[in-house]
Amino acid sequence: MKTPDLSLSDLGSYFPDDFTPEQRAKAQTIFLKELAASSHRFYRGKTVTMPKAGIYGFNWFNVYYTPGVSMISTTIRDDNDASFELSNRGNLVAVVSDSTRVLGDGDVTPPGGLGVMEGKAFLMKYLGGVDGVALCCNSYNKQGKHDAEKIIDFVKMLEPSFGAVNLEDISQPNCFKVLDTLREECDIPVWHDDAQGTASVTLAGLLNALKVAGKELKDVRIVLLGAGAANSTAARLLLADGADPEKMVVFDSKGGLHKGRDDVKADTAYYRKWEICEATNPKRLETEEEAFNGADVVIAASKPGPGTIKPEWIRSMAPRSIVFACANPVPEIYPYAAKEAGAYVVATGRGDFPNQVNNSMGFPGILKGALMVRARKITDEMAIAAAHSVADFAEKKKGINPDYIMPTMEETEVFAMEAADVAVQAVKDGVARTALEWDHVYNTTLADVNHARAIIELLQREGFIKAPDLKMLEDARDKAVAAVR
């Protein structure tokens, strides 16, 4: 390792040649975790607040602050929408979480989510040219329980300072109530990325996977493993885009969802799951073995693996089967094992395997498009438009194949295209405060993304962002190798 470059496509080459595929996959996971620990300690986080207005003599402080700024306050007082132009509100997202369901680690306490929320803000800036602020809140009530109302009140209070809110890592059933309440009661977009974001990119990946496999969405049998925020919303978007509800089965931890699940019906907090019970699985399949047999597609967002999805289940699927194993940090089955079992297209939520189906391909462009037209909400139609935008980009850019169904984060133009398509759809849906042309949104987004990246590159080049010590990478690799050996 002569440089701190970390090419994910070459990550496997960092480990001994005699490692089996399973050892290499385990080593990659440990390596990335160890490197995360050391790099976050080195940088003390990933984001910082910086001015974007120039200082050309100290009297500019009298312009930016008192007395000059008084005119900004009174102008916004008389027209609150002016805040989108006269402050950074129009390009600013609050990344809000109570940290109760962080990746595969569950409840990590409110500050435990800061690494993820900072990461979200980092990606927003680098991929979408959007500014983000990590806000981890305490959702405990006086009874010591996590209370959806606490998060709802928190978001309502911060609404005047932001152009949009990205909810993240909120456990169910609170996540459903929080999102659905705030979508209706706030005048800015409130977006739950674990739900709508994951669902949108899942649809995008599936559209292209089906093309590669020579199948149609309306014809395929789909199994969704896991009924949390991600798959509950994925089911809704898939059905809205043409999937057949009679050919869909969704599983929670107790079995298949269907009209006979009185336990779900009785718990009104899980109303989104009951909607799935009413719409899908008319045969009332109860076990994964039954559902996988002859299925074309499995979409898993459930318990991290490996071993959650069994190879024999995949072997029973239809020819040219599609397996999305999207649990983080470890997929429900490793890609090599799914392929060995006969899967034709395999995707995960990780960037160090082919076909990353991860909401990082969605939220930067979706939020940018919504912000640019000052949308009041992000509709399901906007999320579906984003999915088709991402899928179309991949197909037109390189041509799709079993190992390339999604663009990668390196393909900058996809975020600008996605933003433009979402903005146009927001206008169609009647939720935009202002209408903009597709080309304007595309060009502005691309310019903002390139500007953000140029600043980061300049800071790195000039040494204001220091490169991590090479020993950091070597130590992380050595610990991973030792743990797997």
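The values are calculated or read from the model by the stated rules, or taken from the named source; none is laboratory data. Predicted model, so just to flag it, every value in this text is computed and none were measured. Note: ideal-geometry Cβ built from the backbone for every residue, glycine included; neighbour counts use all protein chains shown.
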query = Using beta carbons and a limit of 7 Å, which pairs, at least six apart or on different chains, have the first residue in the stretch 363-379 and among the β-branched types (Val, Ile, Thr) and the second one in a loop (DSSP other than H, G, I, E, B)?
reply = ILE366/ILE378; VAL373/ARG433; VAL373/THR434; VAL373/ALA435; VAL373/LEU436; ILE378/PRO189; THR379/ASP429; THR379/VAL431
So ILE55, is it assigned to a helix (DSSP H, G or I) and of a type in the set (Val, Ile, Thr) = no
ask   = Which of the residues spanning the stretch 431-460 are over 30 Å from SER38 (Cα atoms), in contact (Cβ under 8 Å) with a residue 40 or more places away in the chain and surrounded by 15 or more Cβ atoms within 10 Å (Cβ to Cβ)?
value = VAL431, ALA432, LEU436, VAL441, THR444, THR445, ASP448
ask   = Applying the selection to the stretch 404-427, what residues are surrounded by 14 or more Cβ atoms within 10 Å (Cβ to Cβ) and of a type in the set (D, E, K, R)?
value = GLU411, GLU413, GLU418, ASP421
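Yes/no matrix, rows are residues, columns are (1) touching a strand residue (DSSP E or B) at 6+ places or on another chain (Cβ under 7 Å); (2) under 30 Å from ASN443 (Cβ atoms); (3) β-branched (Val, Ile, Thr):
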position: ASP105; (1), (2), (3): no, no, no
position: PRO110; (1), (2), (3): yes, no, no
position: GLU118; (1), (2), (3): yes, yes, no
position: MET124; (1), (2), (3): yes, yes, no
position: GLY129; (1), (2), (3): no, yes, no
position: GLY132; (1), (2), (3): yes, yes, no
position: ASN138; (1), (2), (3): no, no, no
position: LYS142; (1), (2), (3): no, no, no
position: LYS156; (1), (2), (3): no, no, no
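Just to be sure before I move on: is VAL201 of a type outside the set (D, E, K, R) and either more than 26 Å from ALA121 (Cβ to Cβ) or in a helix (DSSP H, G or I) (or both) in the structure I sent?
Working: of a type outside the set (D, E, K, R): yes; either more than 26 Å from ALA121 (Cβ to Cβ) or in a helix (DSSP H, G or I) (or both): yes.
It is true that VAL201 is of a type outside the set (D, E, K, R) and either more than 26 Å from ALA121 (Cβ to Cβ) or in a helix (DSSP H, G or I) (or both).
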Residue count, the stretch 454-485 (criterion: in a helix (DSSP H, G or I) and in contact with a Leu (Cβ under 9 Å, 6 or more places away or on another chain)) = 6
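Take the residues in the stretch 422-452 that are in a helix (DSSP H, G or I) and acidic (Asp, Glu); name whichever of them is farthest from the chain's Cα centre (by Cα).
Keep residues of the stretch 422-452 that are in a helix (DSSP H, G or I), which gives 422-428, 438-452.
Narrowing further to those that are acidic (Asp, Glu): 439, 448.
Details: ASP439: 25, ASP448: 20 Å.
The selected residue is ASP439.
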inquiry  = Need pairs with beta-carbon distance below 7 Å; first residue touching a residue at least 24 places away in the same chain (Cβ under 8 Å) and within the stretch 408-430, second assigned to a loop (DSSP other than H, G, I, E, B); sequence gap 6+ or separate chains.
reply    = VAL414/PRO407; ALA423/VAL373; ALA423/LEU436; ALA426/VAL373; VAL427/VAL373; VAL427/ALA435; ASP429/THR379
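So that you can scan it fast, the table gives a plain yes or no per residue for (1) part of a helix (DSSP H, G or I); (2) closer than 30 Å to MET157 by Cβ; (3) at pLDDT below 95:
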site: LYS2; (1), (2), (3): no, no, yes
site: GLN28; (1), (2), (3): yes, no, yes
site: SER39; (1), (2), (3): yes, no, yes
site: ILE72; (1), (2), (3): yes, yes, no
site: ALA82; (1), (2), (3): yes, yes, no
ask   = What are the residues in the stretch 56-69 that are farther than 27 Å from LEU371 by Cβ and not aromatic (Phe, Trp, Tyr), if any?
value = GLY57, ASN59, ASN62, THR66, PRO67
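Looking at ILE76, ILE55 in this structure, which one is of a type in the set (Val, Ile, Thr) and surrounded by 16 or more Cβ atoms within 10 Å (Cβ to Cβ)?
Step by step, each of ILE76, ILE55 is checked, and only ILE76 is of a type in the set (Val, Ile, Thr) and surrounded by 16 or more Cβ atoms within 10 Å (Cβ to Cβ).
Out of GLY399, GLY463, report the one residue that is loosely packed, with under 13 Cβ neighbours inside 10 Å, within 26 Å of the chain's Cα centre (by Cα), outside the structural domain of LEU127 (by TED's automatic domain parsing) and over 18 Å from MET124 (Cα atoms). So that I can check it myself, show each step before the final result.
Working: GLY463 fails: within 26 Å of the chain's Cα centre (by Cα).
Unique residue meeting the criteria: GLY399.
Suppose the filter is assigned by TED's automatic domain parsing to the domain that holds ALA318, farther than 18 Å from GLY119 by Cβ and outside any loop (DSSP other than H, G, I, E, B); does ALA338 pass it? Before you say what the answer is, go through the steps one by one.
Numbers: assigned by TED's automatic domain parsing to the domain that holds ALA318: yes; farther than 18 Å from GLY119 by Cβ: yes; outside any loop (DSSP other than H, G, I, E, B): yes.
Answer is yes for this residue.
Find the strands (runs of 3 or more DSSP E) located wholly in the stretch 85-191 whose residues include 2 or more that are in contact with a Pro (Cβ under 8 Å, 6 or more places away or on another chain) and buried (at least 18 other Cβ atoms within 10 Å of the Cβ), and list them. Before you say what the answer is, go through the steps one by one.
Values: elements: 92-97, 131-136, 164-167.
Where strands (runs of 3 or more DSSP E) fall fully within the stretch 85-191 and carry at least 2 residues being in contact with a Pro (Cβ under 8 Å, 6 or more places away or on another chain) and buried (at least 18 other Cβ atoms within 10 Å of the Cβ), they are 164-167.
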request  = Would you point out the residue of the stretch 356-377, among those that are in a helix (DSSP H, G or I) and under 25 Å from TYR334 (Cα atoms), that is nearest to the chain's Cα centre (by Cα)?
outcome  = ASN359
query = All but one of (1) charged (D, E, K, R); (2) surrounded by fewer than 21 Cβ atoms within 10 Å (Cβ to Cβ); (3) over 16 Å from the mean Cα position of the chain (by Cα) hold for ASP380; which doesn't?
reply = (3)
